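Each remark here refers to the structure printed beneath this line.
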Amino acid sequence: CSGLVLSRRPALVLCHAAVFAPFLRAGPAAWARPAALPPAALRPCPRLSVVLGAEAGGLRELEARLLALVPCAAFRRALERGLGRAERWRFGAEDEAGTEPRALPWFAWLRVPGLDAAEGGWAARASAGCLRKGQALLACGSPFGDLCPELFLNTLSRGVVSNLAGEENALVLTDARCLPGTEGGAAFVPSPRGPRVVAVIAASLCWKGAEWVGLTLLCSLAAILRSSAGVLGEAGIAVPPVPAWVAAVPAGGGQDPLGWTALVECGATWGSGVLLAPRMLLTCRHVVEARAPLHVTPAAGPGQEAAVLRGRVVFATEESSPFDVAVVELEESVPGFVPPCLADTFLPGEEVSVVGFGALGRACGPSVTAGVLSAVVAVAGRPVMLQTTCAVHGGSSGGPLVSSRSGCLMGKPGVGGGSHGCPPAGPSDTALSPTGIVASNTRDTGAGATYPHLNFCIPITVLQPLVARYRRTGDPHAFAGLNRVGEEVRATWQLQQRPGPPSKL
């Protein structure tokens, strides 16, 4: 596994405890204990060492001594609340047994005398309590553990904070892509004085039922330190408090995509929706097609209670339509709603985010995943499908696809050629604009595999003129054109442009 050098005086390394599972005297039952496990709880194990990069290049290996295995109580409670058994979460590679779920909240403290430095101190840290969804993160670990550290030691992966749960955000989900062996590695947040450690990788690969989630599970470093205070105190080690730190507020003209997103529940079915007006919401037809009462819960702001509003479907596309769209009117207005600025042009390669109730679903509010606009598919010069590399999961359908482009891109859509848009302007005009609504991720029906990082969205330019007409007239027939589209558009959404056997996607 990977590890994190947290202190040089005395030298301490923190890693995930699952690597010690084969040596537990009590076997897997030991993970159910509420208190720390001393070294005596383990059978004698081979020589314990840590491998680090040398200043002159190459590697150096140093002996280490186990101080204790410690459970993080706050992380354990957040796991039980956010990743319930009914959701069938698994961790690890698909073709392996994976990580024992009860081991996830456990971490190991190692003493490494060879790393002691007279002038050393504790690594720069930050509290996960200051994190915000959508904020940038950098993960660092060594894929495949000790398989080939000469190649893989301390590799980096960039992502965003996807979701948060527990006391002071003890549980953090990120879309930074990490591989087996990076467990115990660190997640950093940028700051004016350099990166700060904010969390530790607990699981690199997550599965929910049969669906690969493509997110990484992190545990707050501050939560681990609180749970470890007694063990470290017995060893004569004083842990300095985690410094106060405030997350940088991203640019975006004061607009928050979380404020445009809502949970849509219709009987036993649930998904996401995007608010375009205080009493109007767009979602997918398959989210609301059950004949059951419809409830909409707009995402609540920090410290606010979520309000559940009743709604009714005023229009839904026919099943034969390639556009999976439904329009919902709410019985009450969403308080303080600020309507989004709608994009009208798209540039392949631009950075985008998806906001929706996938992954952790209803337990922790909407999740945010980031990527790029990988393709703009046009018919007769008009975009009819957007593809992105954001991780999209069951429950995200109907949520907004958000662009963080500059204001220059709010011009007329390009016609012909490979891209639809104009070059980005300088950062001073940065704005957040919804570019479409999420329809689905990709499933290979032949292999039974789901690909969260290839997904399809309906461009907002397809819907915007219809929405404007409906708001002007109040007539749901304004959307009837979505049921009357050409064969080229239908073929595009069937993922099959040429005649031949039916697509397996």
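The values are calculated or read from the model by the stated rules, or taken from the named source; none is laboratory data. Quick caveat: nothing in here was measured; it's all calculated off a predicted structure. Every residue, glycine as well, gets a Cβ built from its backbone with ideal geometry; the counts of neighbours run over all protein chains shown. Just so you know, the surface numbers come from the protein's heavy atoms only, side chains and all, with ligands and any DNA or RNA stripped out. Shrake-Rupley method; radii C 1.70, N 1.55, O 1.52, S 1.80 Å.
Before moving on, here are some points about what is shown:
- Amide H contacts of Leu276: Leu281, Leu282, each under 5 Å away and 5 or more positions distant or on a separate chain (H built 1.01 Å from N in the peptide plane; Pro and chain starts excluded).
- Charge dipole magnitude, Cβ of K and R +1, D and E -1 - segment 1-91, Cα centre, debye nearest 20: 340
- Near-label residues of segment 1-43 by backbone N, under 18 Å of a point 7 Å along Cα→Cβ of Ala118: 8-11
- Taking all Cα pairs closer than 8 Å and separated by 6 or more residues, the relative contact order of segment 3-235 comes to 22 percent.
- The 3J(HN,Hα) values that the Karplus relation (6.51, -1.76, 1.60; θ = phi - 60°) gives for segment 118-134 are, in residue order, 4, 9, x, x, 8, 4, 5, 10, 9, 7, 5, x, 8, 5, 10, 4, x Hz. Gly and Pro appear as x.
- Gained length - Glu63 relative to Arg193, 0.36 nm times residue gap less alpha-carbon distance: 43.6 nm
- Gained length - Asn154 relative to Ala32, 0.36 nm times residue gap less alpha-carbon distance: 40.8 nm
- At full extension, Gln304 and Glu318 could sit 1.3 nm farther apart than now, given 0.36 nm per residue minus the alpha carbon distance.
- Each peptide in 387-393, 77-83 was scored by the mean count of other Cβ atoms within 10 Å over its residues; highest first, the order is 387-393, 77-83.
- ³J(HN,Hα) computed for each position of segment 35-44 - Karplus, 6.51 cos²θ - 1.76 cosθ + 1.60, integer Hz, glycine/proline x: 10, 5, 10, x, x, 5, 6, 10, 5, x
- For segment 3-235, carbon and sulfur atoms together expose 55% of the accessible surface, with a 1.4 angstrom probe and every protein chain in place.
- Residues whose amide H comes within less than 5 Å of that of Asp146, counting only those at least five positions distant or on another chain, are absent (H built at 1.01 Å from N in the peptide plane).
- Among Val70, Pro38, Gly166 the positive-end extreme of the charge dipole of segment 3-235 (Cβ point charges): Gly166
- Protection proxy ranking for 256-266, 191-201, using the average of other Cβ atoms within 10 Å per residue and placing the highest first: 256-266, 191-201.
- Using only Cα coordinates, the Kirkwood hydrodynamic radius of segment 3-235 works out to 17.9 Å.
- Whole-Hz ³J(HN,Hα) from phi, Karplus 6.51 cos²θ - 1.76 cosθ + 1.60, for segment 45-60, glycine and proline x: 10, x, 3, 9, 8, 10, 10, 10, x, 8, 4, 8, x, x, 10, 9
- Amide H contacts of Leu263 (H built 1.01 Å from N, in plane; Pro and chain starts excluded): Thr297, Ala299 sit under 5 Å, all sequence-distant by 5 or more or on other chains.
- 1.4 Å probe accessible area per residue over segment 3-235, in Å²: 44
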